[in-house]
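Participant: Before I ask anything, let me first share the structure, which is written out below as structure tokens.
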Amino acid sequence: MIKPPQAGPMLVQLHGWHMSMPKPAYRERPSDLPYLIVQVDMRGRAFSEGAADCNGYELIDIYDAIHFVRKEYAEWLDDSGHIYLEGGSGGGGNVLAAVAKFPDLFSAAAALYGISDYASWYEQDATGEFRDEMDVWVGCSPEADLERYRARSGIALAANVVTPLYMAHGDRDIRVPVEHSREYVREMRRLGRQSLIVYEELPGVGGRGHLTNMTEEQAVFMGAAVENHRREQGRKPVLPAEGGLIVGGYVYTKPFRLLLETVNGMASLTYDLKRRIVRASASAPYRYELIWEDGQVEKGVCEVR
């Protein structure tokens, strides 16, 4: 965690697929940025316990970190209540899933050269650089169980998104092909949510590194675009009073949380907050736990569709 010069909004930063956050170090001075920066080390990495699980339970660590910081470092947070999220590559994939699994949590998010569809990423990985880890972190291949890959993929959960997103991707990226961002943008358009997306494609950028061949001008442009996108968002996202959500293992909203018995399952739910009704359906009779904001717990079984 990195403190700002004075109280400000929270900025949550995520690391890449093969990475972890820098080793925690004491800082005598605050940063020059106007945010309380929270750097979340995904579980099973260099400075965290547990087992990595690729957008499964590990994303709940983000949620828990945010609530811990709100409580323990409240004096460093301003009254805006804004929480921003950013990540690139594997972190970009985390962002695309997190804004769907926590749909009314983030005021703005930046997903840079991120993975939107883990099944297609598995198939594209001819060298096995990432596939071997997905076999462990997801638990099998997409051919063996496509649903658990969809439950982790932002593109399959995009219908939940109400957070404004900035996305950027080099058109020559090899490790995360640009089609991941292109297809996500197409899906948001299909859902009628294109107003939530700002997408910049970076010509000539990418290769074995996501930012290979990036010019200084392009780097400055992207950095400024991410910052401007955050500053332009004056509203916190609000969940409609009634509607539907897709559950990829779980979904956390301010009014309620719903957790399936398995992080590998998907379900659809409809809700009516005024009548305090939530109904869930799925391809299998998954048990679930529904926790309301006031702490009331309900247990149920998804209707099989």
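Participant: Would you calculate the separation in nanometres between label points at Arg287 and Glu201, each defined as 7 Å from the Cα along the Cα-to-beta-carbon direction?
Facilitator: About 4.8 nm separates the two model spin labels.
Participant: Counting other beta carbons within 10 Å of each residue's own, what order do Asp171, Asp53 fall into, fewest first? List each step's numbers first, then the result.
Facilitator: On the way: Asp171 15, Asp53 20.
Taking fewest neighbouring Cβ atoms as first place, the list is Asp171, Asp53.
Participant: With all distinct Cα pairs included, what does the Kirkwood hydrodynamic radius of region 10-231 come out to in Å, to one decimal, could you say? It would help to have the intermediate numbers written out before the result.
Facilitator: Details: mean 1/r = 0.0561 Å⁻¹.
Every distinct Cα pair counted, the radius reaches 17.8 Å.
Participant: Can you work out ³J(HN,Hα) from phi for every residue in region 282-298, in order, using Karplus 6.51 cos²θ - 1.76 cosθ + 1.60 and θ = phi - 60°, giving whole Hz and x for Gly and Pro?
Facilitator: Couplings: 7, 6, 9, x, 5, 6, 8, 10, 10, 10, 7, 4, 7, x, 5, 10, 10 Hz.
Participant: Let me ask another. Compactness ratio of region 111-207: Cα Rg over 2.2 N^0.38 Å, N = residue count? Show your work: numbers first, answer last.
Facilitator: Values: Rg = 13.8 Å, N = 97, 2.2 N^0.38 = 12.5 Å.
Relative to the rule-of-thumb radius for its length, region 111-207 sits at 1.10.
Participant: Could you work out how much longer the chain between Val162 and Ala7 gets when fully extended? Use 0.36 nm per residue separation minus the Cα distance between them, nm to one decimal. Don't skip to the end; give the middle numbers.
Facilitator: Details: separation 155, 0.36 × 155 = 55.80 nm, distance 2.61 nm.
Taking 0.36 nm per residue and subtracting the Cα distance, the gain is 53.2 nm.
Participant: Let me ask something else about it. Compare the peptides 283-289, 179-185, 14-20 by average per-residue count of other Cβ atoms within 10 angstrom and give them in order, highest first. Could you put the intermediate results ahead of the total?
Facilitator: On the way: 283-289: 15.6, 179-185: 21.6, 14-20: 19.0.
Ranking the peptides 283-289, 179-185, 14-20 by packing returns 179-185, 14-20, 283-289.
Participant: Compute the Rg to Rh ratio over region 242-304 from the alpha carbon atoms, using the Kirkwood formula for Rh, and round to two decimal places. Walk me through the intermediate numbers first.
Facilitator: Values: Rg = 10.5 Å, Rh = 11.4 Å.
Ratio of gyration radius to Kirkwood radius: 0.92.
Participant: Through the Karplus equation 6.51 cos²θ - 1.76 cosθ + 1.60, θ set to phi - 60°, convert the phi angles of region 265-281 into ³J(HN,Hα) values in whole Hz; use x for Gly and Pro.
Facilitator: Each residue of region 265-281 in turn: x, 10, 8, 10, 10, 10, 9, 9, 5, 5, 8, 6, 10, 10, 10, 10, 9 Hz.
Participant: Under a point-charge model restricted to the Cβ atoms of Lys and Arg (+1) and Asp and Glu (-1), what is the dipole moment magnitude of the chain relative to its Cα centre, in debye to the nearest 20? Before the final figure, lay out each step's value.
Facilitator: Details: 34 positive and 43 negative charges, 158 e Å.
Rounded to the nearest 20 debye, it is 760 debye.
Participant: Enumerate the amide H contacts of Val247 below 5 Å, restricted to partners 5 or more residues apart or on another chain; note that Pro and chain-start residues carry no placed amide H.
Facilitator: Amide H neighbours of Val247, under 5 Å, 5+ apart: Ala267, Ser268, Leu269.
Participant: Within a 10 angstrom radius of the beta carbon, how do Asp64, Asp173, Asp125, Asp32 rank from fewest other beta carbons to most? Working shown, then result.
Facilitator: Details: Asp64 11, Asp173 23, Asp125 15, Asp32 7.
The order, fewest Cβ neighbours first, is Asp32, Asp64, Asp125, Asp173.
Participant: Sticking with this one: Just how far, in whole angstrom, is region 1-59 from region 115-177 if you go by their alpha carbon centroids?
Facilitator: 22
Participant: Just going by the charge dipole of the chain, with Lys and Arg at +1 and Asp and Glu at -1 on Cβ, which of Leu33, Pro240, Val263 is farthest out on the positive end?
Facilitator: It is Pro240, whose Cα lies furthest towards the positive end.
Participant: Right, here's the next one. Checking a compactness column here: for region 41-104, what do you get for Rg(Cα) / (2.2 N^0.38 Å), N being the number of residues?
Facilitator: On the way: Rg = 12.7 Å, N = 64, 2.2 N^0.38 = 10.7 Å.
In units of the 2.2 N^0.38 Å rule of thumb, it is 1.18.
Participant: Here's a follow-up. Spin-label point model (7 Å from Cα, Cβ direction): what's the Lys236 to Asp125 distance in nm?
Facilitator: Each label point lies 7 Å from its Cα, and together they span 3.7 nm.
None of the figures in this text is laboratory data; all of them are computed from the coordinates on show. Not measured: the values here are computed from a predicted model. So basically every Cβ, Gly included, is an ideal-geometry build from the backbone, and we count neighbours across all protein chains shown.
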